Each structure stands twice: as structure tokens, then as C-alpha cells.
1. Does Ser105 fit the bill of being touching a helix residue (DSSP H, G or I) at 6+ places or on another chain (Cβ under 8 Å), under 29 Å from Glu63 (Cβ atoms), hydroxyl-bearing (Ser, Thr, Tyr) and modelled with pLDDT of 80 or more?
2. Restricting to segment 37-79, give me the number of residues that are aromatic (Phe, Trp, Tyr) and open to solvent by less than 30 Å² (accessible area, probe 1.4 Å).
3. Of everything in segment 361-376, what is within 30 Å of Ala328 (Cα to Cα) and either touching a His at 6+ places or on another chain (Cβ under 7 Å) or not in a loop (DSSP other than H, G, I, E, B) (or both)? Give them in sequence order.
4. Restricting to segment 216-270, count the residues that are polar (S, T, N, Q) and not in a strand (DSSP E or B).
5. Filter segment 284-331 for residues that are farther than 14 Å from Val271 by Cβ, modelled with pLDDT of 90 or more, open to solvent by 40 Å² or more (accessible area, probe 1.4 Å) and in a strand (DSSP E or B) and give the result.
6. Yes or no: segment 183-199 includes at least one residue that is in contact with a helix residue (DSSP H, G or I) (Cβ under 6 Å, 6 or more places away or on another chain), modelled with pLDDT of 80 or more and buried (at least 16 other Cβ atoms within 10 Å of the Cβ).
7. From the list Leu379, Leu354, Leu393, which residue is over 20 Å from Gly268 (Cα atoms) and outside any loop (DSSP other than H, G, I, E, B)?
8. Could you tell me whether Ala204 is modelled with pLDDT of 80 or more and of a type in the set (Gly, Ala, Ser)?
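The values are calculated or read from the model by the stated rules, or taken from the named source; none is laboratory data. From a predicted model like this one, the values you see are computed outputs, not experimental measurements. Positions of Cβ are backbone-derived with ideal geometry, glycine not excepted, and every protein chain shown enters the neighbour counts. Keep in mind that these areas ignore ligands, DNA and RNA; they rest on the heavy atoms of the full protein, side chains included. Shrake-Rupley method; radii C 1.70, N 1.55, O 1.52, S 1.80 Å.
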Amino acid sequence: MKLRSLFWVVLLAIAASGVWYAVTLRNQPPELVFARVVRESITSSVPTNGKVEPIEWAEARAERDGPVQSISVQRGARVTQGAALVELNSSEARAELTAAQARVSQARADLEVIEKGGRATDLSAIAGDMEREKLELAVAQKEYDSLVRLQAKQAATAYAVAQAKDKVDRAQQQIRSLEQRRGALVVPQDRSAAEARLRDAESAVALAEERVRKSVIRAPLAGTVYQFDLKPGAYLNAGDLVASIGQLDRVRVKVFVDEPDLGRVARGKPVAITWDAMPGRQWKGVVDKTPTQIVALGTRQVGEVLCVIDNPNDDLLPGTNVNVDITAEESASALTIPKEAVRRELGQAGVFTLSGNTLAWKKITLGVSNTTRTQIEGLNENDAVALPSEKPLKDGMIVTPRFQ
């Protein structure tokens, strides 16, 4: 009986203790987490992504058909303007060039012969015959003149004079015949034909030289070869792309910014680029051009923004997909708080600050903000602001503070 009474006494004591603890706990000020107002630099940015493009670039293309004989570059190589990239097999073109050059030489030789009046051997033979005939004419003429004088003195017969005259006539005829032979060595038609042959041969040389020249595919500008996939032996058709070359020390990044953020983007704003393939690296640049119109991109309404990025080591290659962070606003010495501490009462932004152990509502003005913090005016450095709580808060409320 005594044990049962003791049991009930103990049970009542435990229950009374529980009630007292519950009442006491309920009357304790609620625990609330606070953060300090700090002074720091804060930047508001527009994050997006984009694709790298060269600012200045050109394509090297095949100018004629043919198999690749040799390759002088590879992807990533720096080249000067006019540098040889690829050479096509040109053996056939070179053979045609050699044959055409031989025809040019022959045509020029023929024209030289025509200019001189004929071949040297023919002219020499005719000249020798001409000298001989002129000598014989001189002798015959002298003999004829002598006989004519003797006939006047009746010292020579008419027959002898006639024979001497025939000899003079034959010599003169031979000379005229030789002159006709010399004139017949070259006729106007010969010159026209030779000139035509020379023109045809020179045209063939120019055509063959052009084919040989086109066998070497050269860099259209100085820069870096950022697209090149050829292998020796590959066959190219005229117009096929051989290589893309660009000046990559500065590149353009094209990004699409959602319409609500476009008002925060302006020309000259700083831009930071990161690339997942090179973690830890960052490239800097500026906004170069803002959009002139809004376009649909899937379900988004966006504007095309062009950024110019310094790329001193040519690491960013055209076609690369990169992460882009456009600085919209920045403040070098701002008072900031966590964004989640900001509350709105009747359309006015404010926070609950801590005065002793009591909450005090204060209106604030918001400034630059990023994903986690916001600039504020209306508070002092090191002021404590309440972070979100499940408990409803009100001005003048007593709390137990706990700081992050």
C-alpha cells in the first residue's frame, strides 16, 4: 500500500515538472538567427552562355581539282599571309607548262627568222650566189662594152657583140632570180602564222602556270589555323574548304540575353568568360554591341549581345561554347546583407534589426544585388538583421539572438 502511494507521488511530481517546463519554455523568447551588415564590394551580373567567333577570319579553298600531295600546317598553327598550307599534285600541269614553254621558244625563233628575212643558211647561200653573179655581170658588162667600142671601129663583129649582150642579160636575169628567191623566203602570211603560234603558246604557258599556281593553296590572311582536317591523299574539288584562319588574339562571343535583363546590359560593360574545358581560367572583355531587336528563341524573348574578349594565348577557339558573366552594376564599398533578410511590408522593403534582445522594423533602400547579397541604405555597418524564420515576427518582439 505504501509502495503504491509512493508510485503515485513520483508520477505526480514528474507530471508537475513537465507542466512547469512547458510553461517556462513557452514563455521563453524565441531563438532567431541574425546576420551582420558588412561593407564589401558587390557586383550585379547577368549570367548567360555564348559561342566564340573570330572577329577577322577567312577561308582557304581549293581553286582546282586534284589529290593532296603535301600538307604544311596543322590545326592551331600560326601562319603568315600567303603561307603555303597544302599542295596538290601538279605533275600533269608542270608537264603541260614545259611543253607550252617549248612551243613559245620555237615560235619566237620562227619570228626571229622572219625578222631577219629567212634562215641564216638560206640567206648565206643566196648572198654567195648573188656575189658570184654580180661579179660575172661586171665581167660580162665590161666585155660587152669593149666589144661595142671595137664594133664602132669595125674591129669586132655584130655576132660577137650579140653574144656578149646575151651573157650580160643572163647574168642580170640570174641576179633578179636570186633576189626573187630571197624575197620568197619570207611572206606576210608567214609572219601572221608565226605570231598566231606564239600567242597560242603563250596562252598555253599562262594556263599551265595558273594550274601550277593553283596547286598550292595559301593562307588568305595572317592568323591561326582553327579549322583543318585534311589528310595526304585526299581528293579536293574546286571550291572545297581547306582551312579556316582567323586572328584570335581578340575574339567575339555572341550571347542571347533574356528581355528582362537587357536593360542592365550596356556597351562597354565588363564581361568575364569561363570555359568548362579549362576550369580555373578566365578571360576578360567588354560588351561591344547591344541588340537592335528582340527575337524569339524557343520559349524565350531574347536580344543578341556581342562581346569582344581578349584571348592572348589563342586558347578560345571559334565554335567553343563558354559561360558568360556580364557585369551590370558594381559598388566598391557597399553595405550589404543576405538577400533573404529583406522583407516587404505594404510595398516597402525593410528588415528586422536587433536592439538589445528586441526586434525593430527598419525601412531600407535596395541597391546593387547579386545571387546571394544585396546592397542596402538605411542601416549601419555591423547592424544585425533577422534571417527568415518559421515564427511570425513583429516590431518590438523579444527574441534570443543567434548569429551565423
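1. Values: touching a helix residue (DSSP H, G or I) at 6+ places or on another chain (Cβ under 8 Å): no; under 29 Å from Glu63 (Cβ atoms): yes; hydroxyl-bearing (Ser, Thr, Tyr): yes; modelled with pLDDT of 80 or more: yes.
The answer is no for Ser105.
2. Total satisfying the criteria: 0.
3. Looking only at segment 361-376, we keep the residues that are within 30 Å of Ala328 (Cα to Cα), and these are 362-376.
Answer for segment 361-376, where residues must be within 30 Å of Ala328 (Cα to Cα) and either touching a His at 6+ places or on another chain (Cβ under 7 Å) or not in a loop (DSSP other than H, G, I, E, B) (or both): Lys362, Lys363, Thr365, Leu366, Gly367, Val368, Ser369, Arg373, Thr374, Gln375, Ile376.
4. Count: 1.
5. Scanning segment 284-331 gives Val295, Ala296, Gln301, Glu304, Asn321.
6. The first filter runs over segment 183-199 and keeps only residues in contact with a helix residue (DSSP H, G or I) (Cβ under 6 Å, 6 or more places away or on another chain), leaving 185-186, 190-191, 194, 197-198.
From the residues that got through so far, the ones that are modelled with pLDDT of 80 or more too are 197-198.
Still in the list and also buried (at least 16 other Cβ atoms within 10 Å of the Cβ): 197-198.
Looking for residues that are in contact with a helix residue (DSSP H, G or I) (Cβ under 6 Å, 6 or more places away or on another chain), modelled with pLDDT of 80 or more and buried (at least 16 other Cβ atoms within 10 Å of the Cβ), one finds at least one in segment 183-199, hence yes.
7. On the way: Leu379 fails: outside any loop (DSSP other than H, G, I, E, B); Leu393 fails: outside any loop (DSSP other than H, G, I, E, B).
The unique qualifying residue is Leu354.
8. Numbers: modelled with pLDDT of 80 or more: yes; of a type in the set (Gly, Ala, Ser): yes.
Considered against the rule, which asks whether it is modelled with pLDDT of 80 or more and of a type in the set (Gly, Ala, Ser), Ala204 comes out as yes.
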